[in-house]
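See structure below.
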Amino acid sequence: MKSIVRVLAGVCVGCAVVSSTRAAEPGPYAKAEVGPTFTDDVELRDFLGLGGGKIEFDPGMRFAVGGGYQFADWIAIGGETGVSFNYIDNISGNFRGEGDSSIGQVPLLANVIFRIPTRIGLVPFAGAGAGLSFPYFHADDIVFDPDPGVSGDETIVDGSESDTVFAWQLFAGLKYQLDDRMSIGLSYKYLHAESPDWEAEDVFTGLDSEISIGDLETHAITFIFSYKF
């Protein structure tokens, strides 16, 4: 994340040399984003009474919509929501069948965005946001086998559950102004959500099992379309 932020910061500084003479009028805007998301390996704190392992993820997707108000060329305040998800690649320990299960988030964040307009239509930007995230866990027949040599002692977890946690994000990117209203661009986003807790049901016994993981750290590269009213 640090190397990407350094590169984007360099772009912002370089573009600042050709600062814009095209003043943008204040006003509301809306945006939509889509792109791949990558979630770091996360600590498995409690799953069926076990802890100390980790969950690894496949690449996933992020979809988001948002809007706000641009007060001047260089600053805007807004909000966004959406959904991101990553399928589970592996849970350490005697688990199997986890490949069809996923962990995702529905963030609800307030953002402040700083912009550097230029004469050539390129607009570097960076910002930060904070708010809530609703992490969800979808278990699709995850099998835990405490002793693979013994049959009949498996636990199968199935179902979906969500939690509500504090979350914050950092982002930066580059937009191109198509005209006075529309722009397109690319953005890098780092989203950090506090540790969620869920419950999942054992298919055989109907008993709920406590699931707890560490903080979720997600990286996304998104394509952005913005429209200013």
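Readers should treat all values here as calculations from the given coordinates under stated rules, not as data from a laboratory. What you see is a predicted model; the values in this text were computed from it and never measured. Glycine also receives a Cβ, built like all others from the backbone with ideal geometry; neighbour counts cover every protein chain displayed.
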> For the Cα atoms of the chain, what angle does the longest principal axis make with the long axis of helix 2-16, in degrees from 0 to 90, nearest 10?
Replying inline: 10 degrees
>> On a full-extension model of 0.36 nm per residue, what is the gain between F71 and D215, subtracting their alpha-carbon distance, rounded to one decimal in nm?
In response: 48.4 nm
>> Compute and list, largest first, the equivalent-ellipsoid semi-axes of the range 36-102 from the alpha carbon gyration tensor, each √(5λ) rounded to a whole angstrom.
In response: 36, 13, 9
> How big is the charge dipole of the range 22-150 about its Cα centre, in debye rounded to the nearest 20, if each Lys and Arg gets +1 on its Cβ and each Asp and Glu gets -1 on its Cβ?
Replying inline: 960 debye
> Using the Karplus equation 6.51 cos²θ - 1.76 cosθ + 1.60 (θ = phi - 60°), what ³J(HN,Hα) coupling, rounded to whole Hz, does each residue of the range 139-152 give in order, writing x for Gly and Pro?
Replying inline: 9, 10, 6, 6, 9, 10, 10, x, 9, x, x, 10, 8, x
> Which whole number in µm²/s is D for the range 75-190 by Stokes-Einstein, with the Kirkwood Rh taken over Cα pairs at 37 °C and 0.692 mPa s?
Replying inline: 189 µm²/s
> Tell me, what ³J(HN,Hα) does each residue in the range 80-89 have, in order and in whole Hz, if you take phi through Karplus 6.51 cos²θ - 1.76 cosθ + 1.60 with θ = phi - 60° and put x for Gly and Pro?
Replying inline: 7, 8, x, 8, 9, 8, 9, 6, 7, 8
>> If I model the range 168-213 as equal point scatterers sitting on the Cα atoms and use the Debye formula, what is log10 I(q)/I(0) at q = 0.13, 0.23, 0.25, 0.32 Å⁻¹?
In response: -0.58, -0.86, -0.90, -1.05
>> Test of understanding: what is the full-extension gain from W168 to D100, defined as 0.36 nm times their sequence separation minus their Cα-Cα distance?
In response: 21.7 nm
> Longest exposed-loop-site-free stretch of the chain, with trypsin sites (Lys or Arg not before Pro), DSSP loop and at most 13 other Cβ within 10 Å?
Replying inline: 23-118
> What dipole magnitude, in Debye to the nearest 20, does the chain give about its Cα centre under +1 on Lys/Arg Cβ and -1 on Asp/Glu Cβ?
Replying inline: 2460 debye
> Each residue of the range 46-56 in turn: what ³J(HN,Hα) in whole Hz from Karplus with 6.51, -1.76, 1.60 and θ = phi - 60°, glycine and Pro shown as x?
Replying inline: 7, 8, 6, x, 9, x, x, x, 8, 10, 10
>> Step by step: find N for the chain, compute 2.2 N^0.38 Å, then divide the Cα radius of gyration by it. What's the final number?
In response: 1.22
> With a sphere of radius 12 Å drawn around the Cβ of G173, what net charge do the other residues whose Cβ falls strictly inside it have (Lys, Arg +1; Asp, Glu -1)?
Replying inline: +3
